[in-house]
Amino acid sequence: MPQIFSDYIPLRQKVQRHQASGQRIGFVPTMGALHEGHLSLVKAAQQTCPVVVVSIFVNPLQFGPSEDFSRYPRTLEADIALLKTVGVDYIYTPTPDSMYPAGFSTNVQVHGVSDGLCGAARPGHFDGVATVVAKLLSQVGATDAYFGEKDYQQLCIIRRMVTDLCLSVFIHPVPTHREADGLAMSSRNRYLSEAERAQAAQLFATLSWAAAEIKQGASVPAILDISMQRLKEAGFSAIDYFELRQEETLTPLAVYASPARLLAAARLGQTRLIDNLKL
Ligand code: AMP
């Protein structure tokens, strides 16, 4: 049975006791509405760490004023039940007031890797992510933390932040967990209507097609243009971006050079989907 904490101090005391006895502690931060993708992070953590902590916190700081903070799915009871089935040790459920008490004035900003992509489409989003992840890492004090490649730019930002601030935690990337038709699992997929859910698979299909073409030497700008056109034809209402970037620095690439990643974000009705693929 996992122990549930809404306050970080007793949780950190537990973690420190495990660490004092030489155990590694794996930490998986989430916003809840848990699915198999989140569980793949928990399983990765359990492979290296005998003790695993999962946090569930819908972070107001990372949502823009016209974004879905108030309607973001909150399914705490079901999340806890799911985490029980996989044998998580501790669940941390802070509240916005405890995370950001009156007078809170700090903002963690990671430059460079946050330029463009979701950083351009969602102004302020990555400041909110970096700030909450810095706080969560500090509150929990885990030795290892696990992040999905599904949110690839976020992963790069967190790695940069951990390096720059000398945080003593090892960051593990976990591959994207997908539905049978390739759609990357996401808490936001539950917003999709039946028709949109069928169209959504085209995002991964188009990324896969573009990756194959680029690897075979096709012109990068031409393939990116055709890909965006394909998504529009498949029913996506807006394409936020469809880009090829260097894998670590996220510098835009007009010509393919390994290691690289294709990254895309597009909207189906009210729902914004993101995905990416290593070339
Ligand atoms: P979220 O609850 O959406 O903030 O995600 C919490 C963590 O789970 C982040 O590190 C995400 O990248 C990761 N994650 C979300 N969906 C997936 C997925 N389909 N495959 C792997 N990791 C995922």
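Ignoring ligands, DNA and RNA, how do K278, K150 rank by accessible area with a 1.4 Å probe, largest first? Provide the component values of the computation, followed by the final result.
Values: K278 110, K150 35 Å².
Order by accessible area, largest first: K278, K150.
Taking amide hydrogens as placed 1.01 Å from N in the peptide plane, the amide H of Q270 sits under 5 Å from that of no residue at least 5 positions away in sequence or on another chain.
Place +1 on the Cβ of every Lys and Arg and -1 on the Cβ of every Asp and Glu in the range 150-247, take the dipole about the Cα centre, and give the residue among Y152, F170, I223 whose Cα lies farthest towards its positive end. It is F170, whose Cα lies furthest towards the positive end. 3J(HN,Hα) along the range 230-240, derived from phi through the Karplus expression 6.51 cos²θ - 1.76 cosθ + 1.60 where θ = phi - 60°, amounts to 4, 5, 4, 5, 7, x, 5, 7, 8, 10, 6 Hz, with x in place of Gly and Pro. Which residues' amide hydrogens lie under 5 Å from the amide hydrogen of N59, considering only partners 5 or more residues apart or on another chain, with H built in the peptide plane? Correct list: empty.
For the range 93-176, rounded, prolate or oblate, judged on the Cα gyration tensor with a ≥ b ≥ c (square roots of eigenvalues), a/c < 1.5 rounded, else prolate if a/b > b/c? Please list the in-between numbers first.
Numbers: a/c = 1.62, a/b = 1.13, b/c = 1.44.
Oblate, because a/c is 1.5 or more while a/b does not exceed b/c.
Taking a ≥ b ≥ c as the square roots of the eigenvalues of the Cα gyration tensor of the range 1-92, is the shape rounded (a/c under 1.5), prolate (a/b larger than b/c) or oblate?
Details: a/c = 2.14, a/b = 1.65, b/c = 1.29.
Because a/c hits 1.5 or more and a/b exceeds b/c, the range 1-92 counts as prolate.
Where does the charge balance sit around P94 when Lys and Arg score +1, Asp and Glu -1, over other residues with C-beta under 13 Å from its C-beta? Net charge around P94: 0. Taking θ as phi - 60° and the Karplus parameters 6.51, -1.76 and 1.60, the scalar couplings of the range 250-267 work out to 6, 5, x, 10, 8, 10, 5, 9, 6, x, 9, 9, 8, 10, 9, 9, 8, 10 Hz in sequence order, x denoting glycine and proline. Taking a Cβ cut-off of under 15 Å around T85, the surrounding Lys, Arg, Asp and Glu residues balance to a net charge of -2, with basic ones at +1 and acidic ones at -1. At full extension, E77 and M1 could sit 26.0 nm farther apart than now, given 0.36 nm per residue minus the alpha carbon distance. For the chain, the longest principal axis of the C-alpha atoms and the axis of helix 194-215 are separated by about 70°. For the chain, the longest principal axis of the C-alpha atoms and the axis of helix 76-86 are separated by about 80°.
Relative protection proxy for 268-276, 236-244, 209-217, from highest mean packing down: 268-276, 236-244, 209-217 (other beta-carbon atoms within 10 angstrom).
Cross-link list K84/K150; K43/K278; K43/K135; K43/K150; K150/K278: which exceed 20 angstrom alpha carbon to alpha carbon? Mind showing how you got there, number by number?
On the way: K84/K150 24 Å; K43/K278 22 Å; K43/K135 23 Å; K43/K150 16 Å; K150/K278 11 Å.
As for pairs spanning more than 20 Å Cα to Cα, those are K84/K150; K43/K278; K43/K135.
Between the amide H of R178 and those of M185, distances stay under 5 Å, these residues lying 5 or more places away or on another chain, with hydrogens modeled in the peptide plane. Taking Cα atoms only, the orientation of helix 8-20 departs from the longest principal axis of the chain by about 80 degrees.
Normalising by the residue count of the chain, find the relative contact order in percent from Cα pairs under 8 Å and 6+ residues apart.
Numbers: 488 pairs, mean separation 50.0, N = 279.
Once divided by the residue count of the chain, the mean separation gives 18 percent.
For H35, what is the net charge nearby, where nearby means another residue's Cβ is under 12 Å from its Cβ and Lys, Arg count +1, Asp, Glu -1?
On the way: positive: K150, R178, R188, R190; negative: E36, D79, E179.
For residues surrounding H35, the net value is +1.
How large is the helix-only mean residue ellipticity at 222 nm for the chain, computed as the sum of -39500 (n - 2.57) over DSSP H runs with n ≥ 4, divided by its residue count, in deg cm²/dmol to the nearest 500? That comes out to -12500 deg cm²/dmol.
The values are calculated or read from the model by the stated rules, or taken from the named source; none is laboratory data. Predicted model only: the values in this text are computed from it and were never measured. Glycine gets a Cβ as well: all are built from the backbone with ideal geometry, and neighbour counts include every protein chain shown. These accessible areas exclude ligands, DNA and RNA; they are computed on the full protein's heavy atoms, side chains included. Shrake-Rupley method; radii C 1.70, N 1.55, O 1.52, S 1.80 Å.
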